[in-house]
Structure formats: structure tokens, C-alpha cells
1. Restricting to the stretch 232-242, give me the number of residues that are open to solvent by 20 Å² or more (accessible area, probe 1.4 Å), in contact with a helix residue (DSSP H, G or I) (Cβ under 7 Å, 6 or more places away or on another chain) and within 13 Å of ligand 2 (Cβ to nearest atom).
2. Might you let me know whether the stretch 309-321 holds any residue that is exposed (fewer than 15 other Cβ atoms within 10 Å of the Cβ), modelled with pLDDT under 85 and not in a helix (DSSP H, G or I)?
3. Return yes when Leu427 is touching a helix residue (DSSP H, G or I) at 6+ places or on another chain (Cβ under 7 Å) and either free of Cβ contacts under 8 Å to residues at least 40 places away in the same chain or in the same structural domain as Leu377 (by TED's automatic domain parsing) (or both) and no when it is not.
4. Regarding the stretch 434-444, can at least one residue be identified that is surrounded by 22 or more Cβ atoms within 10 Å (Cβ to Cβ), aliphatic (A, V, I, L, M) and out of contact with any Leu (no Cβ under 7 Å at 6 or more places or on another chain)?
5. Within the stretch 174-203, track down each residue that is farther than 27 Å from Ile80 by Cα and within 13 Å of ligand 1 (Cβ to nearest atom).
6. Output the number of the condition that Ile121 fails; it satisfies all remaining conditions of (1) within 27 Å of His92 (Cα to Cα); (2) away from ligand 2 (no atom under 16 Å from the Cβ); (3) surrounded by fewer than 24 Cβ atoms within 10 Å (Cβ to Cβ); (4) of a type outside the set (Gly, Ala, Ser).
7. Closer than 26 Å to Tyr474 by Cα and within 16 Å of ligand 1 (Cβ to nearest atom) - does that describe any residue in the stretch 204-218?
8. Report those helices (runs of 4 or more DSSP H) wholly inside the stretch 1-105 carrying at least 1 residues which are within 15 Å of the chain's Cα centre (by Cα).
Amino acid sequence: MNRIKIFDTTLRDGEQSPGCNMNLKEKIEMARQLEQLGVDVIEAGFAIASPMDFRSVQSIAEMVTGCTVASLARCTKGDIDAAWEAVKCAKHPRIHVFLATSDIHMEYKLKMTREQVVSTISEMVAYARSLCADVEFSAEDASRSDPPFLAECYSAAIASGATVINVPDTVGYSTPEEMSGLITFLRQHVPGIEGAEISVHCHDDLGMAVSNSLACVRAGATQVECTVNGIGERAGNASLEEIVMALKTRKDFYQAETAVCTGQIYRSSKLLSSITGVPIPPSKAIVGANAFAHESGIHQHGVIANARTYEIMNSTDVGIPQNTMVLGKHSGKHALREKLSSMGYSLSDGELDEVFARFKALADKKKVITGSDLEALTLNRIHLNTAGCQLVSHVVNAGYGVPNTSCIKLRRSGKEMEEVAIGSGPLDASFKAINRMLGLNIKLDSFSLNAVTDGEDAIGEAVVKLASGDGIVYTGTGLSTDIIESSIRAYLNGVNKLMEAAAPAAERS
Ligand code: KIV
Ligand code: ZN
């Protein structure tokens, strides 16, 4: 069996997808989950991009011990210094440098000749290597580069000390045959390649990122770069869960395995979706709501007779909890801890107290608390912002043919404040009241509301995307069995994140 390393770039390339930006607390929470998932490398960010990016890479490097922590850097000393400063405290640090090697990128973007590109790679990889023992070099747009020149670039990188060479299909243009041919070519034409890790990084513009990555594994790649739920620049990156489960389920074919703990896949996917507010499509392979559902009678009959007739994997292999009735209003903290731990969540005492208080409040309104309810409460915990504005009360008067009004009372730093507004509907009125009270001028980019479970007393989860003047979109989520309350909570949650990001650094920490 070949051991394939999983390089997760959810927090770097993944965060580049529109609407997927995360704050420091969310990135740390996600990194902790990726460590539990058992990935080999976490690319924590692009340290030079902003002080916030630097801080999050550094915080993740300080916290994570079970895997390598990498920061991206362009081929400049400034970028490499920032990357090293951010990751040097990691148990296993890596600097990931990149430079484009395709003719179109060199001519129009870099305005560099081939000779300049090769010498920059040699110089900057050597510089990174003088700081860090683990250096990855990526030839951006490798799949559209001239293969002999690409081989020259990787040879220069390896001669200068690169431990990993990465072959990106940056624009998602290649086919599986082309990608596997390229890996074979490089293995034959790059001196020293046998001593280096061969990585692939495929984008999904033509829907072939996973197939391309797997074809490269067949051709000898030893590391695959991917993201949870396949998020990433444009159409996204290769999806981690699909790569890992394809290698596991078709071990006979790929003769390869990863160290990923597949029972953590579903939780990782849900956590990311909760943080970004980007829903998982129902038909998404491995983690979609329908991925293990059998609708047709013929299929159901087959599965009852022998599950293997139509099932190639078990939902429990990826950690999907059985959604049975679990707890009620008389259940205690111990039962809650047991149930959460059987679902794979291990919370600290403080976190459990928080979830228990919300569980009790929910049990007063809802007779039966299911696994999905508990999952929603547990995931929503990461959005709670005790330092920002808290909702004290709301009174909404809504109807057809009458003015819709909302009176919102908030508490901030111990002080209560109240505002009333009229709007085109109850939510418009509520959001206007909050904006007016806090002196905000923000745009509601999108709003969605979904039932977490079935039934008339289901929890409604609202997700808002708020755009502020800085061009960043902030995601807020709110939960309640009352959909107006969950919407107001979601809006306030987004507002709190936005105000926190705008606050001076001293106030934030
Ligand atoms: O897609 C790409 O080429 C990248 C590199 C920086 C690895 O993300
Ligand atoms: Zn990429």
C-alpha cells in the first residue's frame, strides 16, 4: 500500500471562495477539527496577506501538534519571512512557496523570462530552506506549462532544497489522462524527484478535480491537496471527503491509503458549512443529505435483503449519526455528554454547560430532541459572541395591509438600548431597527432559513450574509424554534462579527 498524504487547504485556498471567509475563532475551531480528522498538513493561510491572516496562521501553528502547519508565500523574501515568522512555532512547520511557470502567466502576469523564473525559484527555495527544514514548491499553472521547462523548474527547486514539489492544475483545465501523463513525465525527467514528495493540487472548473487527483495518485503522486466540501477559488478544489473515501473504498484499485479518520468526515463537513453558512448540496457525494438515502422501492428492497446490493460504503464510516429520538426535557447533563460523545463531539466542561443550557431551553419548547437538534446546538456554539450585542427582547407586529414594525432591545457592555423601525416585512423592520440603534450602514447580501429537523416544532436555522464597506462578507447564523427570532439572532451574529473585525486590535483580544 502507498501512503498518500492529505494536505488540507480549506483555510487558505478554501477561504478564497466567495462568501467563505472566516474569522480567527472560526479558523481555530476548523483547524482543531482538521487535526482530529487526521490530515497530514494544514495550510493555515497566506501569512503576508494581512495582519489577520498572519495572526490566524500563527495561532494555528501554536495550537496544532498532530500535523504539519504550512503558510503560503510568493517567491519573495518578504513573503517567505512572514510565512516563517507565522509558522516557526509549529511542531512541524512548512513554508509553501509558489511561482507561475506557464508562458501566459510569465508573460502577462509576472513579466519574467524563463531564465528569471528558474533563478528566482533557486534563490527563493534556498532562502526558505535556510529558515525551515520543510519547503514545498508549487509551479502555479503547472498543467499549462511547457513540460520540459516545468521539469527544469522542479529540478531547480529540488536542487535548492525543496522537500515537496506540487503540481497544480490551477485553472482546472486538464484531464485525468493529461495529469497522470504529466506526473509520469516529471518522474522521468526531474533529477532527485524520487527523494521528494510529489503533490497535486487540482481545481474543479471542469468538474474533474477529484478524478485528476486520483489519476495522479495512480501515476505516483504521494500527496493530494484538497479542501473540505471542495470549497476553493472559483469552482473549488478537489474535495477531501471524495478523495479519501475513493481511496478507502477502492483500495483494491488504487493500492493506496491515507491516515484520515473517516469517522470525522461528516463532522468536519458540517462544521465548515456552519461556519461559512454555505449549505452542503443534498446530492453532494459522501456528505450530502441524500448520499446514503435510497428512494426507489427496488433499491430499498435490495438494501433490506443485503445492504451491499446498493451500498458501497456505510454512512457510519464517515460519521453520519443515526437521527433517532434521543433526549427529552428530563434528560440531565450526563446523558447529554454521553449522547454528544457517541456522536463524536467531545466538549470541555464550559462548552458542555453552554450547550446544556440551550438544550434545556429547547426542551421546554420541543418535546423530542433529535441528534440533528443536538448537532445544530453544538455547532452553533462557535457563533456565540458573548462580548458583542445580546438580544434582550423583540416585539414584532406584522401582517398584510398594515405597517410592519419591530421593536428590538439589545444589551451591550451591560447597557440596554432599544429602537423601533418600520419595514416592508417583519425582518426588514427588525434589521432596520438594529442598524439604526448601532449606527450601521450594511447591506444584506443574502438570507436563508432552513428547518434543522422535520415537524412543526423544528428548529429553524437562519443564515445571513452581510456586506460592509470593507468589501468583506460576514456570515451570521441564528437558531430558534421561532423563525423571526432565529433571523434576528442571525443578523445580530453577523453584525457582531462585523463590529469585532472593525474594532481596534486591542479591543479584540
Ligand atoms: O491553484 C494554485 O495554483 C494554487 C497554488 C498557490 C498552489 O493555489
Ligand atoms: Zn489553488
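1. Final tally of qualifying residues: 1.
2. No, every residue in the stretch 309-321 fails to be exposed (fewer than 15 other Cβ atoms within 10 Å of the Cβ), modelled with pLDDT under 85 and not in a helix (DSSP H, G or I).
3. Working: touching a helix residue (DSSP H, G or I) at 6+ places or on another chain (Cβ under 7 Å): yes; either free of Cβ contacts under 8 Å to residues at least 40 places away in the same chain or in the same structural domain as Leu377 (by TED's automatic domain parsing) (or both): no.
Criteria not met by Leu427.
4. If we filter the stretch 434-444 for residues that are surrounded by 22 or more Cβ atoms within 10 Å (Cβ to Cβ), which is where we start, we get 434.
Those still in the list that are aliphatic (A, V, I, L, M) too: 434.
Adding the requirement that they be out of contact with any Leu (no Cβ under 7 Å at 6 or more places or on another chain) leaves none.
No.
5. Ser174 - this is the single residue of the stretch 174-203 that is farther than 27 Å from Ile80 by Cα and within 13 Å of ligand 1 (Cβ to nearest atom).
6. (3)
7. Step one: list which residues in the stretch 204-218 are closer than 26 Å to Tyr474 by Cα, which gives 204-205.
Next, only the ones that are within 16 Å of ligand 1 (Cβ to nearest atom) stay: 204-205.
Checked against the condition, which is being closer than 26 Å to Tyr474 by Cα and within 16 Å of ligand 1 (Cβ to nearest atom), the stretch 204-218 yields at least one hit.
8. Per the criteria, 24-37, 51-63.
The values are calculated or read from the model by the stated rules, or taken from the named source; none is laboratory data. Computed from a prediction, not measured in an experiment: that's the story for all the values here. Every residue, glycine as well, gets a Cβ built from its backbone with ideal geometry; the counts of neighbours run over all protein chains shown. Heads up: the accessible areas ignore ligands, DNA and RNA and are worked out on the full protein's heavy atoms, side chains in. Shrake-Rupley method; radii C 1.70, N 1.55, O 1.52, S 1.80 Å.
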